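Presented below is the structure to which this report refers.
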Amino acid sequence: MSEIQRPGALYQQVAAVMREAILSGEFAPDSLLPSEAQLMARYGVSRPTVRNAISALRAEGLIDVRHGKGSFVRSSGHPVLTVERRISRTTEGKFVMPNGDIWQETEEPSTYRTHTTKATGRLLQLDEEEALFGCDRLLIDPATGTHAMHRTLIPFEVAEAVPLLGKEPCKPPAAIYWVLTQAGHKLTWTETVRAHMPLPDERTALQLPDATPVLHVARTAHGTDDRPLILEELRVGADRAELAYRITADKQPTRRTRT
């Protein structure tokens, strides 16, 4: 029996000892934890104390409870999927996404009309409540089972200038880039990444275990005058995927010498 001699509520003491066992490898990653009865005997505590300790460790993201199977130690390994965030072009000038062939749609894309929020308006350099076309996709990587949510937002004014986007706002991103270049735009992109705890619909769609944050990637395509044209948002579980970027050094502008 492990001796409990720590300050705090009894369940916190049990959680602290179990945490040490997990971090030291005594309870190995992906392994099934001992049963409640075994933990009660091991630590000399009641069932409610054990359950509260497990709940605390779930909230920390150290334990994943699988219904009908028991409590498992979370894996400490690397994400199973690396998402390349590059954009390439073919000799014909068309765009190629390095991960474009790994994702499969789990259902038909959803097209709708919406408005800018404070967050999307900032990225598109628009006021709040500006009209947008939206397209939502639910995706899966068949090789790893990783789920993702992809959203494309196109301002009405961009769709009016490039009518094909208003007619088909759910074109894949590479096809949208092609349409924009055919309309005369020389594209550049900016991208931001942040993490947040999932909303209920995100947790369900991405099939996230407890205490798992979402990686939220926002990519803005800019036109020739650097004006934002479209916004893409990709959301994926931080326990499943990592993002990879290819970085090149920008050329500094040449300084003119005074004569």
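Read the figures in this text as sums done on the coordinates, not as results from a lab. Because the structure is a prediction, the values reported are computed rather than measured. Positions of Cβ are generated from backbone atoms using ideal geometry, with glycine treated the same way; all protein chains shown enter the neighbour counts.
Length gained on full extension, residue 167 to residue 179: 3.1 nm, using 0.36 nm per residue less the C-alpha separation.
Residue 135 sits among other residues whose Cβ lies under 12 Å from its own Cβ, and their net charge, with Lys and Arg +1 and Asp and Glu -1, is -2.
Arrange the peptides 229-236, 212-219, 167-174 so that the one whose residues have, on average, the most other Cβ atoms within 10 Å appears first.
Working: 229-236: 22.4, 212-219: 19.1, 167-174: 16.8.
In decreasing order of mean packing, 229-236, 212-219, 167-174 become 229-236, 212-219, 167-174.
May I ask you to list the lysines whose Cα is less than 16 Å away from that of residue 94, ignoring any residue fewer than eight positions away on the same chain? Cα-Cα hits under 16 Å: 171, 186.
Paramagnetic label reach from residue 242 (point 7 Å along Cα→Cβ; backbone nitrogen cut-off under 11 Å): within the stretch 79-115, residues 79-83. Let's test the formula: R0 of 22 Å, r as the Cβ-Cβ distance of residue 17 and residue 67. What FRET efficiency results, to the nearest 0.05? According to the calculation, E is roughly 0.30. Shape verdict for the stretch 10-73, please, from the Cα gyration tensor: rounded (a/c under 1.5), prolate (a/b greater than b/c) or oblate. It comes out rounded by the Cα gyration axes. Using 0.36 nm per residue and subtracting the Cα-Cα separation, the extra length available between residue 51 and residue 113 on full extension is 17.7 nm. Each 10 Å bin, from zero up to the one with the longest distance, holds this percent of the alpha carbon pairs of the chain: 6, 24, 25, 17, 14, 10, 4, 1, 0.
I need the calculated FRET efficiency for the pair residue 78 and residue 160, taking r as the beta carbon distance and R₀ as 41 Å, to the nearest 0.05. Don't jump to the answer; show the numbers that get you there.
Details: r = 45 Å, r/R0 = 1.11.
For residue 78 and residue 160, the calculated efficiency is 0.35.
Each Lys and Arg contributes +1 and each Asp and Glu -1, all at the Cβ; summed about the Cα centre of the stretch 81-244, the dipole is approximately 360 debye. Charge dipole (Cα centre; +1 on Lys/Arg Cβ, -1 on Asp/Glu Cβ; no other charges) of the stretch 39-133 amounts to roughly 820 debye.
Taking other Cβ within 10 Å of each residue's Cβ, how do 178, 103 sort, fewest first? Display every interim value, and only then the final one.
Values: 178 18, 103 21.
Sorted ascending by nearby Cβ count, the order is 178, 103.
Residues 177, 11 in ascending order of nearby Cβ atoms (within 10 Å, fewest first): 11, 177. From the Cα gyration tensor of the stretch 18-155, with a ≥ b ≥ c the square roots of its eigenvalues, which class applies: rounded if a/c is under 1.5, or else prolate if a/b is larger than b/c, or else oblate? Prolate.
Please name which of 204, 114, 231 has its Cα lying farthest along the dipole of the stretch 102-259 towards the positive end, using unit charges on Cβ (Lys, Arg +1; Asp, Glu -1) and the Cα centre as origin. About the Cα centre, the residue reaching furthest to the positive side is 231. Neighbour counting of Cβ atoms within 10 Å sorts the residues 133, 95, fewest neighbours leading, into 95, 133. Over the chain, Cα pairs under 8 Å with separation of 6+ residues give a relative contact order of 17 percent. Peptide packing for 21-27, 135-141, 39-45 was compared via the average number of neighbouring C-beta atoms within 10 Å per residue; ordered from the highest value, the list is 135-141, 39-45, 21-27.
Which residue fluctuates the most in the chain, going by a Gaussian network model with Cα springs under 10 Å, if the choices are 221, 241, 59? Fluctuation is largest for 59.
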